[in-house]
Every structure is written in structure tokens, then in C-alpha cells.
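Below you'll find the structure, written out as C-alpha cells, and then a few comments.
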């Protein structure tokens, strides 16, 4: 029986790795709204359309933000806020069904919803809610099944890179043992339902926190000297981080789950290494790699869906100044730098 399970897992991995690997994924953008000076959502939607952006991540199902997207054909990742998780986890499937109808489907067509991100960085920011993540996902999944939408709307939960206890070299990638009681049931659901592991990847933070060990060129895709790990050549921090998650999943018995990068970006101002030039270099390389299905050294040629952070600067965010300076566009609609999608 053990050999049969291993064989089934390997077959599943191959199916994931080669399914749709030739289909280029458009680059999505996160539409964060923690700001007091943003344009009206209807103007934002026009800006998104005029720049050829076809996927957007919203961090919560605010009807004012959702409604203008209805009928545009723009695909959405919609966040289920952390504070809602206990209600959905402790309620019935009917509770989840009602929540979906009231908060999402009354404002946007189901055909435009690609993902529901059930919680954002819960294990890092709100560990109190961590026991509720998987039960909430399971109830939402059953509710989507009753609506015939469980195959088209995928459920997952977005994680910070801090859920890895080791990430370098990539082959050492391993999950923090303390979070495995939550993570392993989640990975089992992702494998069973064909859903991705959602991760937030920020080489910017890795670099500014460890400039003595990580070069700016390595963080910005400029390095010409590869790091060799398990006979694989790494020339940038983004690939190394994504593959660390892949190796970590392999170590706990889930080798075939795809990865979606739900946030990545580089600030254009606000501190050390934050500049329009660096932001353009980083994001332009992300776009090029995504639309051309570069994949990673561990999964070459296998496209990764990526959502750039952030559409606008968010002046209401806490923390260092650079936390408020990730915007690709100014609030007047002009680009902070000439990024092409």
C-alpha cells in the first residue's frame, strides 16, 4: 500500500508539472486599498483595462471595489479576511453558502473569480486564527460544490516566506515544524482539490535584512554568477525562494502542488535600495519570466502565476516608509516607472 501511495503522488506531480505548462500566464496585480487618497474604483478599473492587466487580487470583498469589475472579464483573486475565518469554520456549509452569496456573488460574476484566498499570512500576522483556516476552506469548498463552482473557483490561503524554517540553499527548504499541524491538512486539501500553494515572495526584504549575504544583483535578476544547488543553477532570489517551497512540500510528501505567487514587488522609494530604477528592473523581470513561462530551475518551463504588489502606494500602511511605496501607478494614473504588462 505504501508503494502505491508513493506512485500515486508521483503521478499526480507529473500531471501538475506538465498540465498547461505551455500556456503563458498573464501577470496579475494586487489592488491594495489601505490608503486615503485612492481614485474611485470605477476609475481604477478603467486604468487597469487601459494597461492590459487582466488579473487582479483584492484583499477583501468590499462591494465598492468589486462592483466595477463586474462584466469586465478581468479575473479576480478575492481575499476572505482573517477575522471572518472563525465564523466560516464554526458555521455550517449553509453559513459559507450565505456568506459567498451575500459578500461575493451578489457583486461579481462567478465566472470572473479565479481564486478565493482564505486568509492572508495568518500564520505570521494572526496566529490566533490559524486553527480556523482549513475548516473554513472545507466549508467554503462544500458550498462551492453545491453551486457547481468548485472546479472553476480554487481555494487556498496565502502565506509569508516565514513559514519556512530553512530556505537557503533551496534544496534545504523545509516548513517550520510548529506550523505543520495547520499546514499538512491544508496541503492535503490542495492536492485533493487541484489548488495551488499561495506564497508571498519578497527578495527586497531578504536583501535589506541580509545585505552582507545576498547581493543586490541576485535580488534584482542581474547576477551573472549562478549559485549551484543539487546541480541546478540559481541566478536570482525569486527562483530560489519559490523552489524552497517546492522542496519543502516534497519533504512532507506533496511533490506536485503548483505554486502561485500572490504578492511580489519592489518599492520605488522610502529607504535603502528602494528606487524607481530597481523597482522597474525587478518587476519587468517578473513580467518577462511569467509571460514566457520560464519556470524555475526545479520546475523549468512550468509557468507560475504571479501577482505584483502593488497597484498604488498605500499611505495608510504601518511600518517603514518603503512599506507605503510599492505602487506601480500614482493616484493620478501615471506610472511610477515605465513597466509594461
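The values are calculated or read from the model by the stated rules, or taken from the named source; none is laboratory data. These numbers were taken from a predicted model, which means no experiment stands behind them. Virtual Cβ from ideal backbone geometry, glycine too; neighbours counted across all protein chains shown.
Observations on the structure shown:
- Within region 106-141, being in a helix (DSSP H, G or I) and surrounded by fewer than 16 Cβ atoms within 10 Å (Cβ to Cβ) holds for 110, 111, 124, 125, 127, 128, 131.
- Identity of the residue in region 142-175, in contact (Cβ under 8 Å) with a residue 40 or more places away in the chain, touching a helix residue (DSSP H, G or I) at 6+ places or on another chain (Cβ under 7 Å) and assigned to a loop (DSSP other than H, G, I, E, B), that ends up surrounded by the most Cβ atoms within 10 Å (Cβ to Cβ): 173
- Residue 124, sole failed condition from (1) modelled with pLDDT of 95 or more; (2) in contact with a strand residue (DSSP E or B) (Cβ under 8 Å, 6 or more places away or on another chain): (1)
- Some residue of region 44-62 being more than 22 Å from residue 305 (Cβ to Cβ), at pLDDT below 95 and more than 20 Å from the chain's Cα centre (by Cα): no
- Among the residues of region 318-341, the one identified as modelled with pLDDT of 95 or more, surrounded by fewer than 20 Cβ atoms within 10 Å (Cβ to Cβ) and under 18 Å from residue 262 (Cβ atoms) is 323.
- Scanning region 113-129 for residues that are under 22 Å from residue 194 (Cα atoms) and in contact with a helix residue (DSSP H, G or I) (Cβ under 9 Å, 6 or more places away or on another chain) yields 113, 116, 118, 119, 120, 121, 122.
- Close pairs (8 angstrom Cβ cut-off, 6 or more residues apart or separate chains): farther than 18 Å from residue 246 by Cβ in region 182-196, modelled with pLDDT under 95 anywhere: 182/123
- Checked against (1) assigned to a loop (DSSP other than H, G, I, E, B); (2) under 29 Å from residue 131 (Cβ atoms), residue 184 passes all but a single condition, namely (1).
- Meets criteria (part of a helix (DSSP H, G or I), more than 26 Å from residue 192 (Cα to Cα), touching a strand residue (DSSP E or B) at 6+ places or on another chain (Cβ under 8 Å) and without any contact (Cβ under 8 Å) to a residue 60 or more places away in the chain) for residue 66: yes
- Inside region 83-104, residues that are assigned to a helix (DSSP H, G or I) and either surrounded by 16 or more Cβ atoms within 10 Å (Cβ to Cβ) or within 19 Å of the chain's Cα centre (by Cα) (or both) make up a count of 12.
- Residue 192 vs. criteria outside any helix (DSSP H, G or I) and farther than 19 Å from residue 272 by Cβ: no
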